[in-house]
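Chemist: Right, I'll just put the structure down here and ask away after.
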Amino acid sequence: MRKYLFSTVAVLLVPAAAMAQDAGLGFNGTVTLSYSMNNNDLADYDSINLGLSSDVVFSPNFHVGFDLDAAMLSLDTAALVGSDVDLDWSRFALEPTYNFGNGFSASVYYQSFEVDLSAALIPAINIGTDIESVGIAGQYAQDNWYVGAYFGQSDTDPGLGVLGIDIDDFGLNAGIEMANGLDIYGQFARTSVSITGAPGDVDADLLAVGANYTYANGLMIYGSIARLGIDIPIPGADFDPTQVSLGVAYDLANLGSGIPAVAHLEVAHTSLDLPLALPPGIDDDVTKVSFGINFALGGGAVDVPLDSGARIAKGDIRSALISSLTGLF
């Protein structure tokens with residue numbers, strides 16, 4: 001997967017915008033390219049992330065959202081298992097939306113998330129799975145605020161349905177744009193896994209709040225706090241990762257360079273709170289430092305980086321579990 005991951009996303013980015021504009025359609029989007037360094041007592045890892053969030057506008061009442069995200073992680077685990085470990089993931093989402101003209105809109109969505117893990121051991125390890133989701137979403141928006149909700153179901157490949165396993169996704173999100181350049185937003189989402197014959201469901205509850213403040217000189221400060229509660233019907237198996245992030249971005253056009261891009265730097269601290277007894281002096285906290293650049297496509301405006309913790313709080317990724325995985329890595 002790794003050698004095709006970024007080339008596939010990159011090949012699709014610019015042609016998508018060009019074809020939409022050549023067809024006389026409206027197009028707006030944001031691209032983020034970033035690199036992150038992640039420090040943990042158990043294993044350090046680096047990550048390269050590439051993402052696209054876009055809309056193709058067919059009419060004032062109808063548009064189609066199109067997202068592509070990908071990441072390549074290299075975990076420094078040679079001292080632990082005898083080999084470094086590569087973890088790659090990619091996400092694709094398509095969401096046609098109809099605006100009724102009175103503030104209400106409705107959409108259907110399809111989302112695919114693929115993750116692959118490999119290690120050059122003897123024998124070699126190659127593990128991968130896909131999560132595919134379909135669902136419906138609705139939103140009510142006014143000039144400076146919105147509220148929304150979604151509900152969907154997910155399946156995996158290899159499939160789990162034959163084992164009596166069902167996956168449901170549900171979410172609520174809201175946001176408000178203040179007159180002074182401050183945006184505040186948040187979401188609550190749940191991914192629920194029910195297993196036939198099990199003593200209870202496995203629930204992943206995500207609660208996230210974020211904000212960004214934009215100055216007149218092109219400087220933006222953004223941050224978020226997110227908590228994922230994993231409820232497993234086994235005594236002592238629950239855990240609750242919590243992430244706090246803070247970032248700064250700057251519009252490079254303000255330097256007189258004419259470059260339509262925004263550079264960003266972010267620090268995030270995640271406490272995994274794993275249900276494991278770790279050796280003395282070892283903890284499971286992860287500190288992530290990422291930096292990169294964002295570009296606007298078509299008529300789009302650059303928002304918070306697509307790899308940031310603040311994006312989790314916006315609720316545009318239709319799954320508590322997938323939102324958390326993409327935000328953490």
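The values are calculated or read from the model by the stated rules, or taken from the named source; none is laboratory data. Since we're looking at a predicted model, the values are computed, not measured. As a convention, Cβ positions derive from the backbone with ideal geometry for all residues, glycine included, and neighbour counts pool all protein chains shown.
Chemist: Being out of contact with any Leu (no Cβ under 8 Å at 6 or more places or on another chain) and not aliphatic (A, V, I, L, M) is the filter; apply it to the range 197-213 and report the residue that is surrounded by the most Cβ atoms within 10 Å (Cβ to Cβ).
Modeler: In this case the residue turns out to be GLY210.
Chemist: Now a separate question. Can you give me the number of residues within the range 24-49 that are in contact with a helix residue (DSSP H, G or I) (Cβ under 8 Å, 6 or more places away or on another chain), in a strand (DSSP E or B) and closer than 17 Å to LYS288 by Cβ? Steps first, answer last, please.
Modeler: If we filter the range 24-49 for residues that are in contact with a helix residue (DSSP H, G or I) (Cβ under 8 Å, 6 or more places away or on another chain), which is where we start, we get 26-27, 29, 31, 42-43, 48.
Those left that are additionally in a strand (DSSP E or B): 26-27, 29, 31, 48.
So of that shortlist, the ones also closer than 17 Å to LYS288 by Cβ come out as 48.
Going through the range 24-49 one residue at a time, the tally reaches 1.
Chemist: Considering only residues of the range 317-326 that are in a loop (DSSP other than H, G, I, E, B) and more than 8 Å from the chain's Cα centre (by Cα), which is surrounded by the fewest Cβ atoms within 10 Å (Cβ to Cβ)? Quick ask: steps written out before the conclusion?
Modeler: Our first condition is that a residue be in a loop (DSSP other than H, G, I, E, B); within the range 317-326, this holds for 317-319.
Now drop any that are not more than 8 Å from the chain's Cα centre (by Cα), which leaves 318-319.
On the way: ARG318: 26, SER319: 28.
Going through the qualifying residues, I end up with ARG318.
Chemist: Here is a list of conditions, (1) under 22 Å from VAL202 (Cα atoms); (2) among the hydrophobic types (A, V, I, L, M, F, W, C); (3) modelled with pLDDT of 95 or more, and LEU272 meets all of them except one; can you say which number that is?
Modeler: (3)
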